[in-house]
Each structure stands twice: as C-alpha cells, then as structure tokens.
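The next block holds one structure in the form of structure tokens; read it before the comments.
The values are calculated or read from the model by the stated rules, or taken from the named source; none is laboratory data. Treat the numbers as computed from the prediction; the structure is a model and nothing was measured. Backbone-built Cβ (ideal geometry, glycine too); neighbour counts: all protein chains shown.
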Amino acid sequence: MSDFDEQAIRAEARAWLEANWSPDLGLVEWRNMLADTGWGMPAWPKEWYGRGLPAGLAPVVEEEFQRIGAVGVARMGIRMLAAATLLEHGSRMHKEKFLRRILTGEDAWCQLFSEPGCGSDLAGATTRAELKGNRWIVNGQKVWTTSAHHAQYGLLLARTDWDAPKHKGLSYFVIDIDQPGVEVYPLRQMNGHASFNQVFLTDAEVAPEFMVGALGEGWKIATTTLMNERRNADSLRRYAQPNFKPGRAYAEERAEIETVMEPYKWYPQRAGRVDLVVERAKATGRNADPTVRQEIAKLLILSKTAEWTARRARAAQAQGRPQGPEGSLGKLIASHVARAAAHVHTLVSGADAMLAGKDGPLDGVIAEILLSVPATSIAGGTDEIQRNIIAERVLKMPKEPRTDTDRPFREVPRNIIS
C-alpha cells in the first residue's frame, strides 16, 4: 500500500489520535506532541514538524481531528503567514527557532508592511533599515498592523538601499516587538473595534541573522506572504470556533481564541454576512417584495460563484501548485459580494439599518455590517491592485506605464507626511 494512500493515512491518523488525544492535556503539551509526530501540519516537510504528505491529503487528517474533537495546532492570526514565509525563504536557524513555537501558539506575530504614505504601493515603503556595526537599526512607521499589541515578533519590510529601484531596495526581517525601540498604539475604527495599530520604530534593532533571504530580496519574499494571505483569507473563520466541552485543552484553547482572535471578531461583518440575508428577509416580510427578492437572488448567485473560486484556489493548493492569481480573483469577488450584501441588508432593514447597538436590527449587527464592508475593498490589497494583478498575470495585458521602477528610489517623488 502506498505511503500516500488516502485510506491508509486516514486509518493511521485515526489510530494515533485515539491512542493519544485527551482533553485533559495542557494545550502546549498536546501541540508539542503534534509537532513531534507531524500530525498537526501533515503537509509540512518531515524535517519541520510535518509528515511530508501531499497538500490534498491534509483535509483527510483534519477530518479525523474533527471526528474525535481533538484540538489542532495554533493556526490563528498572522502566525501561519509567518510560517509559510519562513518555510519557503527562511534559514535553518529561522525554522528551528520559530516554527515549533508557531505551531504550539507560544508566539504571536504581526505583519509590519503598510505605511501611512504607501498602503497599496507597498514597494514604496520608506521605513529604513541601516546596518551599523553588528545590528540593523530600523526607523520608520507602520500602520494597519493587526495584533501588534500582543505580538512577540513581526514580519518587517524595510528599505535597505535607497539607490536601488524601489522593488530591489527592500529587505525582509523578523523583528522582536518587545524592545524599547518599538511603540504600539491602537487605532479606533468607525465600527467601534480597535483591531489595528500604528507602530513607531525608533532605532529598533535587528540582528543580521534575522534577515529573511538575501539583502534586497524583500519584495520577492513579501509577495509570498501576500499570496498566502489572499489564498487563505477564510482560514480565520475555519479555525476560530471555540469548543465548549470540558477539559483543560478546550479551556486553554477558548482563552487563546478570546485573546488572539479579538482583533478579528468583526471580520464576518466585513464580509457582508450573506448567511443572515434570507432569514432577515423572511423576518421583515421583505421576501414578498419582487425587487428585493431579485437583489437577494443576485447576491446568492454571486456568493456561490465566490465560493467556487475559493474552492478552485484550495484545489490548486492541494495539487501543490505555486501561489497564483486565484487569490486576487477571490479577493476581488469578495469585495463585490460584501458590497452587494450591504446593499441587500439596507433594502431589507430600511432606515433601521442605521441604528447601532441594542436599538438596531440583530442588536446592531446590521449597522456594523454597513460600517465594516468598505474595509474588504482595502485590506490585503485594494480592488484596484487586484485588478492590475488579474489584468497582467491572468489576461496577459501590458503593464500600465510606470515612471518609478527603473531609477533610484531616492529620486522617486513620494508622499510627504507632515
């Protein structure tokens, strides 16, 4: 029987879980067992806490975890983006130091990419990293940084060469957030949440061995991070469901979700909450309005199309294909779905959709949807950026004219933040 036979893998995973899983284990203790055996991330290489299985067999193992009710490795937040990036580009030291603690949940991560003067134009980053003695010294400001307030480490994109073209002068680092040179301040959003932070870096230090990849390879490595982010945009919802059964492991996982997932609890509203539309229409009687019914039908069709696109992306991942444009296609259609959902919720709830809190429909959830949906068209790369990617990489259209890619970055006009 082949080592990669589905039924053999399922039987092996089931037998191991039945022999070893106990809800009375400590969460970190259990996750270390998963890392030691590779069952937590079976598609990872055997050398790095996996079992070397094809990506398409990972869901088979996941089904066995769900069947028995076993807690998995820590997948929430930015940590999986860090893991994917380090697996592809990190040194042996990076993998030894960070991967196990990512899986056990002992370290939280954030992503220090966006800046006040360069959101969509990520390659225009001006945060500076200068090598002084045996340390990189970092100065600059990052913004829209989810989870920076409780992260131990950050994925940092910084400029190391101002005389190279903008895409070639960037380097990629892992930075320790818990140091005097890093200050984190929360940003209050119009929907009432405070998921994001602005991060000020003032003579923050990074040891040379914590550069990921080679000098000047930051853009290439950041692309890996972003493609994984777009392809796995739905993973937060899949891995953030608490289990209320008794047992130490369950209790510790619930506490982890409450803490780590706090910045993400409004994300379902950001996506438009299509799941609420039909019941809301029935409850308000708006399902009898032919115009509203037509808009609901259009929304459900669009949502199903988006689901199929996401499945296609996951199928490509399962086949071991490299990150492609599917993430941008899915990201763009998600924006259309969210806006269409907000429109339908407004048709269904009428003026009541503007009421927040206990006065509003579903205790203010509908109002939160309307306030949150615009973020879908911005976060993770704007709709305009996704259209450019699709045009250039899918449709093979000529790139739009640029005047800032072939000259030294210091000569490129930039936004000035006063």
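Things to note:
Okay, residues lined up against (1) modelled with pLDDT under 95; (2) surrounded by fewer than 18 Cβ atoms within 10 Å (Cβ to Cβ):
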| site | (1), (2) |
| --- | --- |
| GLU326 | yes, no |
| LEU329 | yes, no |
| HIS343 | no, yes |
| MET354 | yes, yes |
| GLY357 | yes, yes |
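- One residue from ALA255, ALA214 being over 27 Å from VAL365 (Cα atoms) and at pLDDT 90 or above: ALA214
- Verdict on ALA297 being surrounded by fewer than 18 Cβ atoms within 10 Å (Cβ to Cβ) and at pLDDT 95 or above: yes
- Neighbours by Cβ (under 9 Å, 6+ apart or cross-chain): first from region 267-294, on the phi > 0 side of the Ramachandran plot; second of a type in the set (Val, Ile, Thr): GLY272/VAL337; GLY272/VAL344; GLY272/ILE369; GLY272/VAL373; GLY272/THR376; ARG273/VAL365; ARG273/ILE366; ARG273/ILE369
- Whichever residue in region 180-199 is part of a strand (DSSP E or B) and under 22 Å from the mean Cα position of the chain (by Cα) and, among such residues, is farthest from ARG135 (Cα to Cα): LEU187
- Taken over region 366-393, the criterion of being buried (at least 18 other Cβ atoms within 10 Å of the Cβ) and of a type in the set (A, V, I, L, M, F, W, C) is satisfied by ILE366, ALA367, ILE369, LEU370, LEU371, VAL373, ALA375, ALA379, ILE385, ILE389.
- ALA84 being hydrophobic (A, V, I, L, M, F, W, C) and either surrounded by fewer than 21 Cβ atoms within 10 Å (Cβ to Cβ) or in a helix (DSSP H, G or I) (or both): yes
- Residues in region 102-113 that are free of Cβ contacts under 8 Å to residues at least 60 places away in the same chain, buried (at least 19 other Cβ atoms within 10 Å of the Cβ) and not aliphatic (A, V, I, L, M): TRP109 alone.
- Looking only at residues in region 115-152 that are without any contact (Cβ under 8 Å) to a residue 24 or more places away in the chain and either part of a loop (DSSP other than H, G, I, E, B) or among the hydrophobic types (A, V, I, L, M, F, W, C) (or both), the one that is surrounded by the fewest Cβ atoms within 10 Å (Cβ to Cβ) is GLY133.
- Members of region 156-184 found to be more than 17 Å from THR126 (Cβ to Cβ), touching a residue at least 24 places away in the same chain (Cβ under 8 Å) and touching a Phe, Trp or Tyr at 6+ places or on another chain (Cβ under 7 Å), listed by number: VAL174, ASP176, ILE177
- Entry remark, region 159-179: residues being among the aromatic types (Phe, Trp, Tyr) and either in a strand (DSSP E or B) or on the phi > 0 side of the Ramachandran plot (or both) number 2 in total.
- Subset of region 26-81 [surrounded by fewer than 17 Cβ atoms within 10 Å (Cβ to Cβ), more than 26 Å from VAL174 (Cα to Cα) and touching a residue at least 60 places away in the same chain (Cβ under 8 Å)]: GLY26, PRO54, GLY56, PRO59, GLY69
- One residue from ALA334, ALA318 being at pLDDT below 75, out of contact with any strand residue (DSSP E or B) (no Cβ under 7 Å at 6 or more places or on another chain) and not assigned by TED's automatic domain parsing to the domain that holds ALA43: ALA318
- Identity of the residue in region 251-273, over 19 Å from the mean Cα position of the chain (by Cα) and small (Gly, Ala, Ser), that ends up surrounded by the most Cβ atoms within 10 Å (Cβ to Cβ): ALA251
- Of all residues making up region 390-415, the number that are under 28 Å from LEU332 (Cβ atoms) and either hydrophobic (A, V, I, L, M, F, W, C) or assigned to a loop (DSSP other than H, G, I, E, B) (or both): 17
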